[in-house]
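See structure below.
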Amino acid sequence: MDKNNRNLKIILILIGLAIILGFTTSFIQSKSFLDLFLITAGIMVILVGIAIERGETPTYFALMFIVNILQWFILIYMLFINSTTANMVFVTLITLSIAPVMTIYLVHRIFITNLKSNGTNQGSGNYANFVDQIKLMLNNKAKVILIYVGIVIILGCLAGFSQSKSAEYLYGILIALLFIVYGNYHENNGTNITTSYIILMCIIISSQWLFLILFPFQFSGLDSVILGYTLTISISMYFVLQVAINDIKNLEKRRMEEERENNGYMVCTRCNRYYKLKSDDLPENFQKHCECGGKLKYKDMIWDQS
């Protein structure tokens, strides 16, 4: 890490600490949830500073999303429960803008980071590689449609929430994030289930469950709550099934690779001791007798390899 990045990291961490300390002092005195909201902003500044040195890793995105989810919960509390704060237009605009803006920013950064990682696998990750990745993404129509639908849903939910203050629109944003994440990791041959994908999906699905459990009375009716639970249960089951099937496929793939690498065994007919053949070993050229004196016989596979 060069000197400029090191200085920027230190500055951001100091700014984040100053924000946290300042608004923590204010929160102790005023008990204002706006102060608590701004404390989360200070935490994000510190995380960004740390990422300058370590990079935007899956852990970084997971922590940022956790803080962003906390911002959404504070926002909901201020708008639905603390009526005094909700009637303040300025505070409402602040809380309504920071949380969704950070959500969109994080999703955007994950998308860009994924493109860069794909580009650097083939070279320097320069502009030409970036353009190639964009073209590749556009060729995958399902990916483009899913991301586009997610963005449209977010914009529609933000517009609807600004008018009605109904919790359904905030829940809809969580559904939209699933579209964007699923679309970002969608390939022509299926979903690219990586560690980042699993972390993001777990965070979003967990947020849906927390939202439904903590704020059921902020929905417009019982039917909306039932619909929310139905969607979240279905999404959770699909995600678990998706990960399980992917694990089975990976196990089968590893088994097939091991079989391709397997050159057979020479097994003793007396003591059942075996010798695994290497790639340059031939059964007819291998020793004919075991150390116990028994004869060695060639077998493709053996059941007990312990």
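Here, each number is a calculation from the coordinates, and none is a lab measurement. Keep in mind it's a predicted model, so treat the numbers as computed, not measured. Note that we place each Cβ from the backbone using ideal geometry, even for glycine, and neighbour counts take in every protein chain shown.
Listed highest first by mean packing, meaning other Cβ atoms within 10 Å per residue, what order do 147-154, 239-246, 43-50 come in?
43-50, 147-154, 239-246
When you take every Cα atom in the range 139-209, what is the radius of gyration, and what is Dmax, the widest Cα pair distance, in Å?
According to the Cα coordinates of the range 139-209, Rg and Dmax are 13.2, 41 Å.
Quick check: residue separation of residue 8 and residue 273 times 0.36 nm, minus the Cα distance between them. What number comes out in nm?
The residue 8-residue 273 span can extend by a further 89.1 nm.
So what are the ³J(HN,Hα) numbers for the range 171-182, from phi and the Karplus equation (6.51, -1.76, 1.60; θ = phi - 60°), rounded to whole Hz, Gly and Pro as x?
Along the range 171-182, the couplings run 5, x, 5, 5, 5, 4, 4, 5, 4, 5, 5, 4 Hz.
Which lysines, if any, have their Cα less than 29 Å from the Cα of residue 141, not counting same-chain residues under 8 positions apart?
Counting by Cα, and skipping residues close in sequence, residue 141 has these lysines nearby: 116, 249, 253.
State the extension gain, in nm to one decimal, for the chain segment bounded by residue 41 and residue 108, taking 0.36 nm per residue of separation less the distance between their alpha-carbons.
Using 0.36 nm per residue and subtracting the Cα-Cα distance, I get 22.3 nm.
Quick check on packing: order 169-182, 223-236 by the mean number of other C-beta atoms within 10 Å, highest mean leading.
Descending mean neighbour count gives 169-182, 223-236.
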